[in-house]
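Undergrad: My questions will all concern the structure given below.
The values are calculated or read from the model by the stated rules, or taken from the named source; none is laboratory data. These numbers were taken from a predicted model, which means no experiment stands behind them. Virtual Cβ from ideal backbone geometry, glycine too; neighbours counted across all protein chains shown. Note: accessible area is taken over every heavy atom of the protein model, side chains too, but ligands, DNA and RNA are not part of it. Shrake-Rupley method; radii C 1.70, N 1.55, O 1.52, S 1.80 Å.
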Amino acid sequence: MKKILVINGPNLNLLGLREPALYGAQNFETLQASIREWAVALGLEVELFQSNHEGVIVDKIQAAYGVFDGILINPAAYTHTSVAILDALKAVALPTVEVHLTDIATREKFRQFSFVSLYAQKTICGKGFDGYREGLEYLAAL
Ligand code: DQA
């Protein structure tokens, strides 16, 4: 069974509370439960990980080497700032899908560039929670 590491970055633990007009009214626990259900349906084993700390996310990506078959990541604000997360993804070289709840291409200028996109094999934006399902489907089909 393929093992997928799902990483959510800073402030995504506050889904539901956080700017619901942008990110929706459903909370983070609901997202996690949906991801678990989709994984079961796709025959994937998933580990769900969330951190608000860049270095902790780098450590988690490094530890994925030799353990996981793919990574699904919403790096949140670190998308636009983190060379360290990009370098960690390149180092472990696992198939990686980047997901964003919102369409970062149509938001503020500072959100329009993604370091992670320079490595990710696929980027899914603006589909809300469904983007995670699409990302899992892509990784399952590889
Ligand atoms: C986000 C978009 C980022 O710009 C933002 O910092 C987030 C969430 C999204 O899922 O749309 O925290 O990654």
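Undergrad: Of all the accessible heavy-atom surface of the stretch 11-123, with the other protein chains kept in place and a 1.4 Å probe, what percent is carbon and sulfur?
TA: The C+S portion of the solvent-accessible surface of the stretch 11-123 is 54 percent.
Undergrad: Let me ask something else. Taking the solvent-accessible surface of protein heavy atoms with a 1.4 Å probe, what is the per residue accessible area of the stretch 11-123 in Å²?
TA: Ligands and nucleic acids excluded, the figure is 49 Å² per residue.
Undergrad: Would you list, by chain and number, the lysines whose Cα falls below 23 Å from the Cα of residue 109, excluding same-chain residues fewer than 8 positions away?
TA: 122, 127
Undergrad: Out of 129, 112, 75, whose Cα points farthest toward the positive end of the dipole of the chain (charges: +1 Lys, Arg; -1 Asp, Glu; placed on Cβ)?
TA: 112
Undergrad: A further question follows. Give a quick list of GluC sites (Glu not before Pro) in the stretch 45-110 that DSSP marks as loop, anything other than H, G, I, E or B, with at most 12 other Cβ atoms within 10 Å.
TA: Listed in order of number, the matching sites are 108.
Undergrad: Right, another one. What chymotrypsin sites (Phe, Trp or Tyr not before Pro) in the stretch 15-90 are in a loop by DSSP, with at most 16 other Cβ atoms within 10 Å of the Cβ?
TA: Sparse-neighbourhood loop chymotrypsin sites (Phe, Trp or Tyr not before Pro): 65.
Undergrad: Moving to a separate point now. Taking a point 7 angstrom from the Cα of residue 111 along the C-beta vector, which residues in the stretch 26-56 have backbone N less than 17 Å away?
TA: Those under the cut-off are 26.
Undergrad: Below 12 angstrom from the Cβ of residue 24, what's the summed charge of the other residues (Lys, Arg +1; Asp, Glu -1)?
TA: Result for the neighbourhood of residue 24: 0.
Undergrad: Multiplying the sequence separation of residue 1 and residue 121 by 0.36 nm and subtracting their Cα-Cα distance, what value in nm do you get?
TA: Stretched fully, the residue 1-residue 121 segment lengthens by 41.1 nm.
Undergrad: Another one. Could you work out the helix-only [θ] at 222 nm for the chain, with each DSSP H run of four or more residues adding -39,500 (n - 2.57) and the total divided by the number of residues, to the nearest 500 deg cm²/dmol?
TA: It lands at -10500 deg cm²/dmol.
Undergrad: For the pair residue 37/residue 25, report the inter-label distance in nm, with labels modelled 7 Å from Cα in the Cβ direction.
TA: 1.7 nm
Undergrad: If you don't mind, there's one more thing I want to ask. Averaged over all directions, how much area does the convex hull of the C-alpha atoms of the chain cover when projected, in nm²?
TA: Numbers: hull surface 29.7 nm².
Result: 7.4 nm².
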